[in-house]
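J.: One structure, as structure tokens, below. Some questions next.
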Amino acid sequence: DDETMLLSATSAGKHPREGFDFFPLTVDVEERSYAAGKIPGSFFRREGRPSTEAILVCRLIDRPLRPSFV
């Protein structure tokens with residue numbers, strides 16, 4: 001829809017870094033409460049933990065991307 005925004009940032013070096021035995025890829029999906037029309041009512045007004053849906057969306061994005069970098 002017209003109100004959805006997406007920020008994608010990627011960086012890579014020309015040569016692999018020494019000492020890594022894993023692929024350091026991180027995918028974060030965040031829906032801010034105020035973007036959904038909900039204002040947190042707690043004293044600190046923090047966003048809180050990601051929802052189960054956000055975690056599953058991160059996994060759906062992460063899993064197909066990983067083989068592209070091997």
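J.: Which peptide among 61-69, 20-28 comes first, and what is the full order, when sorted by highest mean count of other Cβ atoms within 10 Å?
T.: 61-69, 20-28
J.: At 7 Å along the Cα-to-beta-carbon direction for both R17 and E3, put a label point, then send me their distance in nm to one decimal.
T.: Distance between the two pseudo-spin positions: 3.9 nm.
J.: Label L65 and T10 with points 7 Å out from Cα along Cα→Cβ: what is the distance between them in nm?
T.: 0.8
J.: Of T10, T52, how do they rank once you tally other Cβ atoms within 10 Å and put the fewest first?
T.: Neighbour counts put them in this order, fewest first: T10, T52.
All of the numbers you see were taken from the coordinates with simple rules; none came from a lab. Since we're looking at a predicted model, the values are computed, not measured. A quick note on method: Cβ atoms are made from the backbone with ideal geometry, for glycine too, and the neighbour counts reach across all protein chains shown.
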